[in-house]
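Trainee: Pasting a structure below so you can have a look.
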4 protein chains.
Amino acid sequence: MPARNIAVLVGSLRREAFSLRVANALKRLQPPTLNLEIVEIGQLPFYNQDDEEPPPPPWVDFRNRIRASDAVIFVTPEYNRSMPAALKNALDVGSRPYGKSAWEGKPCGIISTSPGAIGGFGAHHHLRQSLVFLDMPAMQQPEMYIGGVDKLVDAEGNVLNDRTKALFEKFLDKFCTWIERNMRAA
Amino acid sequence: MPARNIAVLVGSLRREAFSLRVANALKRLQPPTLNLEIVEIGQLPFYNQDDEEPPPPPWVDFRNRIRASDAVIFVTPEYNRSMPAALKNALDVGSRPYGKSAWEGKPCGIISTSPGAIGGFGAHHHLRQSLVFLDMPAMQQPEMYIGGVDKLVDAEGNVLNDRTKALFEKFLDKFCTWIERNMRAA
Amino acid sequence: MPARNIAVLVGSLRREAFSLRVANALKRLQPPTLNLEIVEIGQLPFYNQDDEEPPPPPWVDFRNRIRASDAVIFVTPEYNRSMPAALKNALDVGSRPYGKSAWEGKPCGIISTSPGAIGGFGAHHHLRQSLVFLDMPAMQQPEMYIGGVDKLVDAEGNVLNDRTKALFEKFLDKFCTWIERNMRAA
Amino acid sequence: MPARNIAVLVGSLRREAFSLRVANALKRLQPPTLNLEIVEIGQLPFYNQDDEEPPPPPWVDFRNRIRASDAVIFVTPEYNRSMPAALKNALDVGSRPYGKSAWEGKPCGIISTSPGAIGGFGAHHHLRQSLVFLDMPAMQQPEMYIGGVDKLVDAEGNVLNDRTKALFEKFLDKFCTWIERNMRAA
């Protein structure tokens, strides 16, 4: 079986984003059955239905990238107790035009991160509410609220303690099972 | 007493947005004690902390517009069961730099709109969760989930039935009381 | 293959509850692969960890009923923009004692009902947030916000129009697929 | 000015509940302008509209207690990422019969507690969503997600470190201002 193509969306646009570190850590830890690739979202113009005919090339490219993936992992910080706008915009761009959502049926996993204690719980569950509408089977456990993230992963994506490493490995292991169960037949 | 300056944020960027119609309807119905002005949000680059020094001019202008207002009204559709990205981005841009949020202490009202029956409930309450963090006293009632909005207000902001007009007038009337109670002393 | 045992929880305790009507409608429409049984929740004392040793017999019976089921369907009204207490209590009772949750891994579907337009959206998504913690794979689509429910199903569980009947049948059909994918091996 | 009567609702029914410790700590720290009294909720039968005529005496007593208060403070743990059922039931009982809610217009503050890191964020914001419908002006800041609560307050309600004590005092101080602004004229 070839490795599954996993689109990884990182909610923060900062060059040194902690969520990017976590995404890189997952890439380092991925099993041979998964092929994680980060899909950029910062270049996408705000979704506006008026601009659909024809759509801006970055929208088209992004939609194609998502369609070509087997499943999705979201790694995101929390801004003001909700998702960053760039991540929400990626959801909106990928969901259109009406009836042609790129997201439909893609199984997914959700990780929220924060240097603080709460671990991005607010962003995490706002994202999950959108995933219901987008019809993306969302893995429930292990819940990934990664608090104190600045001390857990370094800039190269090395996980700095064994407990966090074990959690990330458990997440990836369960994710493999989840996506095999819930991917739609092509 | 001079009229209070109310910044109105419209969540949709569409030229013919229903939320824009509702914002215009509120302007037509506003009492002499309120001066509603729509503040544009579509021109704001995505928030990215890396870009703060110096901040892009549209961020600076927007923050100044919010600071100069006495209170805020949000009128927004729902995209994928949450806020549109453009509105979330406006919240994020206005909230920074850290410790200098333009939103702090501004009383506010929230209106969600939809052509469908649910009236944007999901976007409405996600927005409210952010307003807690932003320390904006949020009026609770009347709850404004404006479903079937396409049939309620025309393109010029005329309200098409008496019941909706009465609801909008009640909202504005209660809003006057709310902001007088909860505006901070200058 | 024998029919799957589906525990149906009804959020309202009213004898004439609309959610009970919907549950009865689902029973009438169920395919031969499903066996829906309503599990009572109104008799459960409030969860209190102090009362666990020994637990009240209604808690024990309820936990056993859930454990014996293959999957769960929740049908609930909204009270004050969230779940009814009786339903939340059933979740809490079934989740304990710690480490022995009766819910773990049971696939589930969620239906919210209301005589009003919004269809119980608030209760629906609060319930979904709990299901993440409870590790219950939750079907995403079709989203079931059943507004105007008083006009859709009669007291005997007859569905009063073809569109609603088709929606319920679609829900049950998708649910069959969902639970077969996501039930854990015994 | 006489002290304001503050009804304090504790979400947990455990005798040794951490939320009860926090409520007792607030009582110890209350300024002379506030008179905090814990209102019991564990004795309330589940809300069921069928039982309203006549209502059970505990419902009547509870409604009267809330009506006699000037404002409300909620202190609650999180059960399964939402409110405990006993607290939700108190909200529901107090909100009825229709049109005679005991809660209407009472200003309020919200504190969530947890021995874990996340501090009951999920319960906290579910509660806030109900408070919108109940028309209870809800103080936004300081946000009170009290994580690691088992190490912060002892069984007699003594706060065990200065930072937590200062936070509780700040909460009470802001609460005094909040309720004076937002109490309705009698």
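Trainee: In debye, nearest 20, what is the charge dipole magnitude of the protein assembly as shown about its Cα centre with +1 on Lys and Arg Cβ and -1 on Asp and Glu Cβ, if you could check?
Mentor: On the way: 88 positive and 84 negative charges, 0 e Å.
With Lys and Arg at +1 and Asp and Glu at -1, about 0 debye.
Trainee: Here is a follow-up. Out of the total accessible area of region C:66-186 (probe 1.4 Å, heavy atoms of protein only), what percent is carbon and sulfur?
Mentor: On the way: 1970 of 4010 Å².
Carbon and sulfur together cover 49 percent of it.
Trainee: Also: What is the dipole size for region B:1-101, taken about its Cα centre, with +1 at each Lys and Arg Cβ and -1 at each Asp and Glu Cβ, in debye to the nearest 20? Spell out each step's value before the answer.
Mentor: Working: 13 positive and 11 negative charges, 96 e Å.
Charge dipole of region B:1-101: 460 debye, to the nearest 20.
Trainee: Further question: Please report the net charge: other residues with Cβ closer than 15 Å to the Cβ of residue B:147, K and R +1, D and E -1.
Mentor: Working: positive: B:21, B:81, B:151, B:163; negative: B:78, B:143, B:150.
Combined, the nearby Lys, Arg, Asp and Glu give +1.
Trainee: I need the calculated FRET efficiency for the pair residue C:28 and residue C:61, taking r as the beta carbon distance and R₀ as 25 Å, to the nearest 0.05.
Mentor: Values: r = 26 Å, r/R0 = 1.06.
Efficiency, rounded to the nearest 0.05: 0.40.
Trainee: With +1 on each Lys and Arg Cβ and -1 on each Asp and Glu Cβ, and nothing else charged, work out how big the dipole of chain C is about its Cα centre, in Debye to the nearest 20.
Mentor: Its charge dipole is roughly 400 debye.
Trainee: If you don't mind, there's one more thing I want to ask. Quote the relative contact order of region B:4-182 in percent (integer), defining contacts as alpha-carbon pairs under 8 Å separated by 6+ residues.
Mentor: Details: 338 pairs, mean separation 46.6, N = 179.
Relative contact order for region B:4-182 comes out at 26 percent.
Trainee: Are there residues in region B:7-56 whose accessible area shrinks by at least 20 Å² when all protein chains are included rather than the chain by itself, and which are they (probe 1.4 Å, ligands and nucleic acids not counted)?
Mentor: Going by heavy-atom accessible area, the residues of region B:7-56 that drop by at least 20 Å² are B:13, B:14, B:15, B:46, B:47, B:48, B:49, B:50.
Trainee: Which of D:102, D:60, D:9 sits closest to the plus end of the dipole of region D:4-182, meaning its Cα is farthest towards the positive end, when Lys and Arg get +1 and Asp and Glu get -1 on the C-beta?
Mentor: Going by the Cα projections, it comes out as D:9.
Trainee: Given a 1.4 Å probe and no ligands, DNA or RNA in the count, how much accessible surface is buried by B and A, both sides, to the nearest 100 Å²? It would help to have the intermediate numbers written out before the result.
Mentor: Working: alone 9610 and 9590 Å², together 16530 Å².
For B against A, buried area totals roughly 2700 Å².
Trainee: Which residues' amide hydrogens lie under 5 Å from the amide hydrogen of residue A:36, considering only partners 5 or more residues apart or on another chain, with H built in the peptide plane?
Mentor: Residues meeting the amide H criterion: A:6.
Trainee: Which shape class applies to region C:18-83: rounded if a/c is under 1.5, otherwise prolate when a/b exceeds b/c and oblate if not, where a ≥ b ≥ c are the square roots of the Cα gyration tensor eigenvalues? Intermediate values should be presented prior to the final figure.
Mentor: Working: a/c = 3.04, a/b = 1.48, b/c = 2.05.
In terms of gyration-tensor shape, oblate.
Trainee: Using just the helices of chain A, give the 222 nm mean residue ellipticity in deg cm²/dmol: DSSP H runs with n ≥ 4 each add -39,500 (n - 2.57), and the total is spread over all residues, rounded to 500.
Mentor: On the way: 5 runs with 67 residues, N = 186.
For chain A, the value works out to -11500 deg cm²/dmol.
Trainee: Can you give me the convex hull volume of the Cα atoms of the protein assembly as shown, divided per residue and expressed in Å³?
Mentor: Details: hull volume 127.8 nm³, N = 744.
Roughly 172 Å³ of hull volume per residue.
Trainee: I want the antiparallel fraction of DSSP beta bridges within region D:4-182, as a percent rounded to 5.
Mentor: On the way: 2 of 22 bridges.
Counting only bridges with both partners in region D:4-182, antiparallel ones make up about 10 percent.
Trainee: Given C:84, C:30, C:167, which one lies farthest toward the positive end of the charge dipole of region C:4-182, if we put +1 on the Cβ of every Lys and Arg and -1 on the Cβ of every Asp and Glu?
Mentor: Most positive-ward Cα: C:167.
Trainee: Sequence-distant or interchain residues sharing an amide H contact under 5 Å with residue D:153, placed H: which?
Mentor: Those qualifying (amide H under 5 Å, at least 5 residues apart or on another chain) are D:160.
Trainee: Please compute the per residue accessible area over the protein assembly as shown with all protein chains in place, 1.4 Å probe, rounded to a whole number of Å². Walk me through the intermediate numbers first.
Mentor: On the way: 28740 Å² over 744 residues.
Normalised by residue count, the accessible surface of the protein assembly as shown is 39 Å².
Trainee: Using R₀ = 60 Å, calculate the FRET efficiency as 1/(1 + (r/R₀)^6) where r is the Cβ-Cβ separation of residue A:43 and residue D:98; round to 0.05. Don't jump to the answer; show the numbers that get you there.
Mentor: Values: r = 52 Å, r/R0 = 0.86.
The formula returns an efficiency of 0.70 here.
Trainee: Taking each residue in D:114-127, count the Cβ atoms of any other chain within 10 Å of its Cβ, then average. What number comes out? Before the final figure, lay out the partial values.
Mentor: Numbers: counts 0, 0, 3, 8, 8, 3, 2, 11, 9, 1, 4, 11, 10, 1.
Shielding by partners across D:114-127 averages 5.
Trainee: While we're on this one: State, to one decimal in nm, how far the label point of residue C:51 lies from the label point of residue A:177, with both points 7 Å from Cα in the Cβ direction.
Mentor: 3.4
Trainee: Bin all alpha-carbon pair distances of region A:4-182 at 10 Å intervals from 0 and give each bin's fraction as a whole percent.
Mentor: So the P(r) values, bin by bin, are 10, 40, 37, 11, 1, 0.
Trainee: Among the listed pairs A:88/C:100; A:174/C:174; A:100/C:151; A:170/C:174; B:106/B:174; A:151/D:174, which are separated by more than 26 Å between their Cα atoms? Walk me through the numbers before you get to the answer.
Mentor: On the way: A:88/C:100 37 Å; A:174/C:174 23 Å; A:100/C:151 33 Å; A:170/C:174 29 Å; B:106/B:174 16 Å; A:151/D:174 34 Å.
Violating the 26 Å Cα-Cα cut-off are A:88/C:100; A:100/C:151; A:170/C:174; A:151/D:174.
Trainee: Accessible area of residue D:67, 1.4 Å probe, to the nearest 10 Å²?
Mentor: Roll a 1.4 Å probe over it and residue D:67 shows about 100 Å².
Trainee: For chain A, which span is the longest to avoid every loop-located (per DSSP) member of GluC sites (Glu not before Pro) having at most 14 other Cβ atoms inside 10 Å? Walk me through the numbers before you get to the answer.
Mentor: Numbers: sites that count: A:16, A:52, A:156.
For GluC sites (Glu not before Pro) (loop position, at most 14 other Cβ atoms within 10 Å), the longest site-free span of chain A is A:53-155.
Trainee: Okay, moving on. What share of the DSSP beta bridges in the protein assembly as shown is antiparallel, in percent to the nearest 5? Mind dumping the intermediate values first?
Mentor: Working: 8 of 87 bridges.
The antiparallel fraction comes to roughly 10 percent.
The values are calculated or read from the model by the stated rules, or taken from the named source; none is laboratory data. Everything numeric here is computed off the predicted structure, so don't read it as measured data. As a convention, Cβ positions derive from the backbone with ideal geometry for all residues, glycine included, and neighbour counts pool all protein chains shown. All accessible areas refer to the heavy atoms of the entire protein, side chains included, with ligands and DNA or RNA removed. Shrake-Rupley method; radii C 1.70, N 1.55, O 1.52, S 1.80 Å.
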